[in-house]
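A short write-up of the structure that comes next.
The values are calculated or read from the model by the stated rules, or taken from the named source; none is laboratory data. Just so you know, these numbers come straight off a predicted model, no measurement behind them. Here the Cβ positions follow ideal geometry from the backbone for every residue, glycine too, while neighbour counts run over all protein chains shown. These accessible areas exclude ligands, DNA and RNA; they are computed on the full protein's heavy atoms, side chains included. Shrake-Rupley method; radii C 1.70, N 1.55, O 1.52, S 1.80 Å.
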Amino acid sequence: MNEMACVVGIDVAKRKFDIALLINNKIKTRVFDNTPAGHKAFEDWLVERSAIPGQTHLCMEATGPYSEVLATRLVTDGWQVSVVNPVRIKGFAQSELARNKTDRADATLLARFCMAMRPNLWTPPPIEWRELRGWVDRLQALKEMHQQESNRMEAHRASEQMQLVQDVQIHLDWLNKQIKGLERNINDHIDRHPDLKRDAELLGSISGIGDTTVAKVLAYAGNIRRFTNAKALAAFIGVTPRQRLSGSSVKGRTMMSRTGHSDLRRALYMPGMVARRHNPVLKIFGDRLSDAGLAPKAVIGAVMRKLAHLIYGVIKSERPFDANFNHSALAIQDGI
């Protein structure tokens, strides 16, 4: 990345966002409303201070829809934007021994992080991918609500509160109807868009991955081709191993890093258990690890990581999963 004339840190909240413009080693701060009018006022304010879109690097934390709307507009208007994992910002703050935690201080910290680290630029996913994520999030919310109501149903039955049982049942029936409707909408949405449909068919060819997981992978990972390799996708999900070895005294157990997309990681847990038994490639892989003495949960974690590699492989090659394909090179690459 070329050197930028100035950098901007943006701390985004629901109703406002604080900014810190770092230019010529001087900080200028301001607060704007997190609205379309506020976004325009922010861009005008930058231009008035000689910030040029192609030479100004803006950096913000990933805070869901509150930051994505602003980031998408800025990229569309030609600004160079990075959307950074909050864990990286927290680590940078610790390295600077930062003591204050205010919106203005966070914006200034983001500006200094951007100047020092030059994070990769962010590209907004196409609208159809963002819409799919909205559908998937809504479906997951209703399924969680259904589980909560089912638990309440059991409690009311145990206490013989039959009127409450009937009331909860009405809600469960409504939720079932809504869930089925959302599942149809998600399938229709994928079928209407050729890129989504093509990737969905490739993902569905992997034994152990069903329609629900396919939709979640597409929604949360986006276009998988943007990752440089399979390990980058596994790191994004948070299924890479984390070792704790130092000198002769620290010999910690290797564990899953869990530094990644938690929703996508949870989405791969049940497919990992299914693939452990029914995917011929991953069954052999899991049996080998189990015979080597690896704990059952650790085996599932390794299978999840291997699933991430298979997901990347079928998308990148644009070829369906083939159980007869020689995967030994990939196993060697993983160090297993």
Next item on the list: Name every residue in segment 205-245 that is closer than 25 Å to Glu131 by Cα and among the charged types (D, E, K, R), in order of residue number.
Entry: Asp211, Lys216, Arg225, Arg226
Next item on the list: Kindly indicate whether Ala98 is open to solvent by less than 70 Å² (accessible area, probe 1.4 Å), free of Cβ contacts under 8 Å to residues at least 60 places away in the same chain and either over 20 Å from Arg130 (Cβ atoms) or not in a strand (DSSP E or B) (or both).
Entry: yes
Item checked: Extreme residue, most open to solvent (accessible area, probe 1.4 Å), among residues of segment 270-322 that are among the acidic types (Asp, Glu) and either part of a helix (DSSP H, G or I) or free of Cβ contacts under 8 Å to residues at least 12 places away in the same chain (or both) -> Asp291
Margin query: Quick test for you: out of Phe17, Phe113, Phe32, pick the one residue that is out of contact with any Cys (no Cβ under 7 Å at 6 or more places or on another chain) and either among the aliphatic types (A, V, I, L, M) or surrounded by 22 or more Cβ atoms within 10 Å (Cβ to Cβ) (or both).
Written below: Phe17
Margin query: If I filter segment 142-158 for residues that are at pLDDT 95 or above and either of a type in the set (Val, Ile, Thr) or touching a strand residue (DSSP E or B) at 6+ places or on another chain (Cβ under 6 Å) (or both), do I get at least one hit?
Written below: no
Check: Going through segment 186-239 one residue at a time, which ones are in a loop (DSSP other than H, G, I, E, B), open to solvent by less than 40 Å² (accessible area, probe 1.4 Å) and among the polar types (S, T, N, Q)?
Finding: Ser205
Next item on the list: Return the pairs, sorted by first residue and then second, in which the second residue is modelled with pLDDT under 90, the first residue lies in segment 115-126 and is in a loop (DSSP other than H, G, I, E, B), the beta carbons are less than 6 Å apart, and the residues are 6+ apart or on different chains.
Entry: Arg118/Met1
Notebook entry, point to check: For residues in segment 35-64 being assigned to a strand (DSSP E or B) and of a type outside the set (Asp, Glu), which is surrounded by the fewest Cβ atoms within 10 Å (Cβ to Cβ)?
Noted result: Thr56
Margin query: Which numbered condition in (1) within 30 Å of Ala267 (Cβ to Cβ); (2) surrounded by 12 or more Cβ atoms within 10 Å (Cβ to Cβ); (3) without any contact (Cβ under 8 Å) to a residue 40 or more places away in the chain is the only one that Glu131 fails?
Written below: (3)
Checklist line | Of all residues in segment 20-29 being under 31 Å from the mean Cα position of the chain (by Cα) and hydrophobic (A, V, I, L, M, F, W, C), the one that is surrounded by the most Cβ atoms within 10 Å (Cβ to Cβ) | finding: Ala20
Next item on the list: Search segment 148-161 for residues being open to solvent by 100 Å² or more (accessible area, probe 1.4 Å) and assigned to a helix (DSSP H, G or I), and hand back the single one that is nearest to Leu172 (Cα to Cα).
Entry: Arg152
Next item on the list: Considering only segment 255-269, state which residues are closer than 21 Å to Gly208 by Cα and either modelled with pLDDT of 80 or more or open to solvent by 60 Å² or more (accessible area, probe 1.4 Å) (or both).
Entry: His261, Ser262, Asp263, Leu264, Arg265, Arg266, Ala267, Leu268, Tyr269
Next item on the list: Would you confirm whether any residue within segment 65-84 is of a type outside the set (A, V, I, L, M, F, W, C), without any contact (Cβ under 8 Å) to a residue 24 or more places away in the chain, open to solvent by 60 Å² or more (accessible area, probe 1.4 Å) and assigned to a helix (DSSP H, G or I)?
Entry: yes
Notebook entry, point to check: Taking segment 162-185 only, how many residues are small (Gly, Ala, Ser) and either in a loop (DSSP other than H, G, I, E, B) or exposed (fewer than 11 other Cβ atoms within 10 Å of the Cβ) (or both)?
Noted result: 0
